[in-house]
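The values are calculated or read from the model by the stated rules, or taken from the named source; none is laboratory data. Since we're looking at a predicted model, the values are computed, not measured. Counting neighbours? That spans all protein chains shown, and the Cβs are built from the backbone with ideal geometry, glycine included.
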Amino acid sequence: MARERVVITGGAGFIGSHLADELVAESDVRLVDSLAAGSPQNVAEAVRAGATLVRRDLLRGDLKPVFRRADIVYHFAANPDVRLGREGPKAHIEQNVLMTYRVLEACRANHVPRVVFASTSTVYGEARTVPTPEDYGPCEPISLYGASKLACESLLSAYAHTYGLQAIVFRMANVVGGRSGHGVVHDLVAKLVRNPKRLEIIGSDPGTSKSYIHIGDVLTGYRDGVEAATEPFTVYNLGSEDAISVRTIADTICRELSLAGVEYAWTGGSGSGRGWVGDVRTMSLAIDRLKATGWQPTMTSEQAVARAAHEAFERKTAGPSRKKVR
C-alpha cells in the first residue's frame, strides 16, 4: 500500500514534533513551520528518519504547493499563549483565525480529504458543567485565545459541511511533557533551576484547578480519535480524568526534583486564584466520547506533571555546563 502523505503545520513545535516522531516510520511526513517558536532540534530525529522540514510563514504567499497531494493535514500552527490579548487581539486573530482560514483554503484547492485541528478546553470558558462534555453550550470563552480557537472550529465545521473535507477537532486540556516551551510546568521548573530556594507562582494560593495530560497520552488520543471519526465534523475532548491545583503542581515539581523547604511567593494574579485576566478557574473535561474509541489516559494529572517536570529539568540542564538543583 502507498504510504499516507501527512502534513503537520507547526511541525517543529511541541505537539507537532512529537507527532512527527510517531508517524515518520509509516508515513511520508512534511513539517511546515516558520521556526519563530518551533525549533529544528525538535525534529532532528524525524528528519533523519525521512521527514521533510519546510520553513514557511503560513500567513504569506501561496500555500497551495505546501499541501499538494496531502492525505491528511494536522493543523497545529498557532499562537499558543493564552495570556496574550489584553493589549489587543491582533496576534490571535492573525496567527489562529486567519492562518486557519488560509490553511483551509489551500486544503480546499488541493482536495485534501481530512484536516485535524488542535483546539483547547478554553473554548468552554467558565463552564457551569464540570467535567464538561463536548455538547456543552453555549461556549463562552473568556480569553482572546479561547475565542480565536472557537472561531477556528466554526470555520472547520463550515468547510467540512460545505466543501466535503472531514474535520476532526481535539479540545485539549493542558498538555505537558518534553519540548514544551510554555505553561506552568515549564515556567516553574525554569524558575527552580535559577533559584531552588524561592519559587514565584502567578496567582493566589492555591491557584486554579485544571486537568493536565502528558504528550504521550495526547498522541494515542489523536491516533484513536482520527481512526474512529466517521462524521464530516467530529469534536473530541482530550484530557485526564481529574484536575489539580497550581499548589499541587508546585508541590509535585519540588518533590520530583528533591527540593525541600522551597518558599512559595504568590503574585496575587488577577483575583479569585486566576493567574491572569482570561484564566479559567476550574477546568476538567468529560472524555467519554474519546474513551468510546478504546483510548484511555495512562496518567493522572499529577503523574503527567511529575513526568513532565523531569523532562523539563533534563531539557533545562542538558549540555556541557549541566547545572544541578540543590
Going through the stretch 269-323 one residue at a time, which ones are in a helix (DSSP H, G or I), out of contact with any Ser or Thr (no Cβ under 9 Å at 6 or more places or on another chain) and polar (S, T, N, Q)?
Thr317
Which residues, counting only those in the stretch 125-165, are of a type outside the set (A, V, I, L, M, F, W, C), within 21 Å of the chain's Cα centre (by Cα) and surrounded by 20 or more Cβ atoms within 10 Å (Cβ to Cβ)?
Gly125, Thr132, Pro141, Ser143, Tyr145, Gly146, Ser148, Lys149, Glu153
Residues of the stretch 19-44 being buried (at least 24 other Cβ atoms within 10 Å of the Cβ) and under 15 Å from Tyr222 (Cα atoms), which ones?
Leu19, Ala20
What do you reckon, is Cys152 touching a strand residue (DSSP E or B) at 6+ places or on another chain (Cβ under 8 Å) and under 30 Å from Asn42 (Cα atoms)?
yes
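Table: residues versus (1) under 20 Å from Thr120 (Cβ atoms); (2) in contact with a strand residue (DSSP E or B) (Cβ under 9 Å, 6 or more places away or on another chain); (3) among the acidic types (Asp, Glu).
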{"residue": "Ser240", "(1), (2), (3)": "yes, yes, no"}
{"residue": "Leu257", "(1), (2), (3)": "no, no, no"}
{"residue": "Gly261", "(1), (2), (3)": "no, no, no"}
{"residue": "Thr267", "(1), (2), (3)": "no, yes, no"}
{"residue": "Asp279", "(1), (2), (3)": "yes, no, yes"}
{"residue": "Met283", "(1), (2), (3)": "yes, yes, no"}
{"residue": "Leu290", "(1), (2), (3)": "yes, yes, no"}
Within the stretch 43-71, count every residue that is under 13 Å from Ala20 (Cβ atoms) and in contact with a strand residue (DSSP E or B) (Cβ under 9 Å, 6 or more places away or on another chain).
9
Scanning the stretch 263-282 residue by residue, those in contact with an Asp or Glu (Cβ under 9 Å, 6 or more places away or on another chain) and surrounded by 20 or more Cβ atoms within 10 Å (Cβ to Cβ) turn out to be Gly273, Val280
Among residues of the stretch 162-186, those that are free of Cβ contacts under 8 Å to residues at least 12 places away in the same chain and of a type in the set (A, V, I, L, M, F, W, C), counted
0
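Let's see how each residue does on (1) modelled with pLDDT under 90; (2) of a type outside the set (D, E, K, R); (3) under 25 Å from Phe14 (Cα atoms):
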{"residue": "Gly273", "(1), (2), (3)": "yes, yes, no"}
{"residue": "Ala286", "(1), (2), (3)": "no, yes, yes"}
{"residue": "Pro297", "(1), (2), (3)": "no, yes, yes"}
{"residue": "Glu302", "(1), (2), (3)": "no, no, yes"}
{"residue": "Ala309", "(1), (2), (3)": "no, yes, yes"}
If Leu155 satisfies every condition in (1) in a strand (DSSP E or B); (2) over 20 Å from Glu256 (Cβ atoms) but one, which is the exception?
(1)
Can you tell me which of (1) touching a helix residue (DSSP H, G or I) at 6+ places or on another chain (Cβ under 6 Å); (2) more than 26 Å from Glu314 (Cα to Cα); (3) surrounded by 17 or more Cβ atoms within 10 Å (Cβ to Cβ) is the one Ala286 doesn't meet?
(1)
Which of (1) within 17 Å of the chain's Cα centre (by Cα); (2) assigned to a helix (DSSP H, G or I); (3) under 17 Å from Leu156 (Cα atoms); (4) touching a residue at least 60 places away in the same chain (Cβ under 8 Å) is the odd one out, the single condition Ser17 does not satisfy?
(3)
I'd like the full set of residues that are of a type outside the set (A, V, I, L, M, F, W, C), in contact (Cβ under 8 Å) with a residue 12 or more places away in the chain and more than 13 Å from Leu285 (Cα to Cα), limited to the stretch 120-160.
Glu140, Pro141, Ser143, Tyr145, Gly146, Ser148, Lys149, Glu153, Ser157, Tyr159
All but one of (1) within 30 Å of Ala306 (Cβ to Cβ); (2) assigned to a loop (DSSP other than H, G, I, E, B) hold for Gly137; which doesn't?
(1)
Go through the residues of the stretch 167-183 one by one and say whether even a single one is over 12 Å from the mean Cα position of the chain (by Cα), modelled with pLDDT of 95 or more and outside any strand (DSSP E or B).
no
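Is it the case that Ile202 is touching a helix residue (DSSP H, G or I) at 6+ places or on another chain (Cβ under 6 Å) and either at negative phi or of a type in the set (D, E, K, R) (or both)? If you could, list the steps in order and put the result at the bottom.
Numbers: touching a helix residue (DSSP H, G or I) at 6+ places or on another chain (Cβ under 6 Å): no; either at negative phi or of a type in the set (D, E, K, R) (or both): yes.
It is false that Ile202 is touching a helix residue (DSSP H, G or I) at 6+ places or on another chain (Cβ under 6 Å) and either at negative phi or of a type in the set (D, E, K, R) (or both).
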